Amino acid sequence: MAGQAIPLRPTMPDAETRKLRAALILEEALETIEALGFDLLQISSKEIELRECCEPDLERIADGCADLSVVTIGTLAACGIQDGPLLREVDKSNLSKFEDGYRRDDGKWMKGPKWKAPDIISVLKQQGYGMGYMTK
């Protein structure tokens, strides 16, 4: 309905599409963070610094999480990736954290020695990745 190209197999979208998807994800993430009652002060791949800014709003939290889901699933679609098999594989990996992982002081579950990384490439290959379509 949005006029988005949906490849039949996993493929890398053009730079314009990737930039749009990145902007949509970040916009919805920032709106959700604010709905949770925080401002983003600093971000890097290793650290996120938040500051309480306002009252949390449950309706906006729900809306933001739903919108994040829509834009991330839309990003998978723009890449020609079927979400169901991918999510099942990632869920399986995440659940393996509970076998021997531990909870960090901030509440995040960490991987233990028995954790198994998701086999993303196998999921992509099952969907036709690398079979004569653009892969990079």
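The values are calculated or read from the model by the stated rules, or taken from the named source; none is laboratory data. As the structure is a computational prediction, the values presented were derived from the model and not from experiment. Every residue, glycine as well, gets a Cβ built from its backbone with ideal geometry; the counts of neighbours run over all protein chains shown. Side chains are part of the model used for accessible areas, which takes the heavy atoms of the whole protein and leaves out ligands, DNA and RNA. Shrake-Rupley method; radii C 1.70, N 1.55, O 1.52, S 1.80 Å.
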Can GLY3 be described as at pLDDT below 95, under 30 Å from MET131 (Cβ atoms) and of a type outside the set (A, V, I, L, M)? yes
Out of the helices (runs of 4 or more DSSP H) lying entirely within the stretch 14-123, which hold 2 or more residues that are open to solvent by 60 Å² or more (accessible area, probe 1.4 Å) and at pLDDT below 95? 83-95, 97-100
Only one of LEU95, LEU76, LEU68, LEU87 that is in contact with a Leu (Cβ under 8 Å, 6 or more places away or on another chain) and either of a type in the set (Phe, Trp, Tyr) or under 29 Å from GLU34 (Cα atoms) (or both): LEU76
Close pairs from the stretch 40-64: first at negative phi, partner among the basic types (Lys, Arg), Cβ under 8 Å, at least 6 apart: LEU41/ARG51
